[in-house]
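Quick notes on the structure that follows.
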Amino acid sequence: MAGEPQILEAFNARVSDFIGRSPFFRSWREGGISPAVSGKFLVSFDCLVKSFPSLIAAGAARMEDEVARTVLAVNLYQECGEGDVARTHHAIYRKFLVTAGLPLPDGPGDGFALEWKADLLGHIASAPGPGALLGVLASGEFLAQPALTRLYSVLKPHYPRADQEYFTRHLVLETEHVREITSIIAPHAQTPGGWREVQSGFQSGLSAWETYFNRLLESVAAADPIL
């Protein structure tokens with residue numbers, strides 16, 4: 001069994017370990033990434049940004065607990081611009097791409113990005129209970145801020161005149177999202193066997209992210225053989 005402080009400590013530690021041993025994040029360092037690699041990454045990442053609403057919606061659809069479903073629904077509402085199509089997170093991300101002088105992707109996305117989405121949707125659909133389901137979703141929430149911070153520190157110098165809102169907005173929002181998902185995980189983590197279930201779901205989600213970043217490294221390395 002675990003309360004909110006234990007959940008935060010355990011999952012932050014897992015994410016820190018994940019980033020520390022990830023070949024992608026070990027290669028992603030300021031001054032060591034070329035503009036060509038940055039551009040390749042940003043265009044590829046568009047597929048993930050536009051996928052987040054469907055992942056949240058899939059999780060909310062399976063959640064029977066009213067409080068948890070409401071928290072996920074609010075998160076989805078924010079992703080979708082709170083009703084303003086010009087303010088969806090995907091639209092804000094694409095504004096960054098345009099103002100950075102990068103092309104807007106016109107296809108479904110890289111194959112490995114589509115596999116990442118399919119894997120996470122599969123984990124959400126097959127989660128044996130609400131604790132495991134929330135664990136899958138939590139993997140992305142806990143990973144978002146440290147990953148985006150690392151990514152943005154390298155990207156920003158390459159695009160100083162681009163609209164930075166997508167990254168700056170998310171770095172603030174993800175603190176709130178981590179707090180919210182921790183609060184709805186806690187009741188499940190305090191039931192017999194519930195904490196194991198939550199951790200299992202978290203690990204399943206993190207495994208999908210690990211595969212994605214490993215495949216992403218292979219893809220961006222094609223833009224710069226030094227990687």
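Odds and ends about this structure:
- Those residues of region 27-49 which are out of contact with any Gly (no Cβ under 8 Å at 6 or more places or on another chain) and not hydrophobic (A, V, I, L, M, F, W, C), in sequence order: SER27, ARG29, GLU30, GLY31, GLY32, SER34, PRO35, SER38, GLY39, LYS40
- Restricting LYS50, LYS40, LYS95, LYS117 to residues that are closer than 24 Å to ASP17 by Cα and of a type outside the set (A, V, I, L, M) narrows the list to LYS117.
- Members of region 181-195 that are modelled with pLDDT of 95 or more and either within 18 Å of the chain's Cα centre (by Cα) or among the β-branched types (Val, Ile, Thr) (or both): ILE181, THR182, ILE184, ILE185
- GLY20 modelled with pLDDT of 90 or more, more than 18 Å from the chain's Cα centre (by Cα), of a type in the set (Gly, Ala, Ser) and in a helix (DSSP H, G or I): no
- Considering (1) assigned to a helix (DSSP H, G or I); (2) out of contact with any Phe, Trp or Tyr (no Cβ under 9 Å at 6 or more places or on another chain); (3) at pLDDT below 95, the lone condition that VAL71 does not fulfil carries the number (3).
- Verdict on HIS123 being farther than 30 Å from GLY193 by Cα, out of contact with any His (no Cβ under 6 Å at 6 or more places or on another chain) and not aromatic (Phe, Trp, Tyr): no
- Unmet requirement for VAL198, which otherwise passes all of (1) modelled with pLDDT of 95 or more; (2) farther than 16 Å from LEU134 by Cβ; (3) aliphatic (A, V, I, L, M): (2)
- Matching entry among ALA36, ALA61, ALA57 (being assigned to a helix (DSSP H, G or I) and free of Cβ contacts under 8 Å to residues at least 12 places away in the same chain): ALA61
- Close pairs (7 angstrom Cβ cut-off, 6 or more residues apart or separate chains): surrounded by fewer than 18 Cβ atoms within 10 Å (Cβ to Cβ) in region 9-30, assigned to a helix (DSSP H, G or I) and of a type in the set (Ser, Thr, Tyr) anywhere: GLU30/SER153
Each row is one residue, and each column tells you yes or no for (1) surrounded by 20 or more Cβ atoms within 10 Å (Cβ to Cβ); (2) under 30 Å from LYS40 (Cβ atoms).
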| residue | (1), (2) |
| --- | --- |
| GLY140 | yes, yes |
| PRO160 | no, yes |
| GLU165 | no, yes |
| LEU171 | no, yes |
| HIS177 | yes, yes |
| GLU180 | no, no |
| SER183 | no, no |
| PRO187 | no, no |
| PRO192 | no, no |
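- Here LEU143, LEU217 are screened, and the one residue that is under 21 Å from VAL15 (Cα atoms) and at pLDDT below 95 is LEU217.
The values are calculated or read from the model by the stated rules, or taken from the named source; none is laboratory data. These numbers were taken from a predicted model, which means no experiment stands behind them. In this analysis, Cβ positions are derived from the backbone assuming ideal geometry, glycine residues included, and neighbour counts consider all displayed protein chains.
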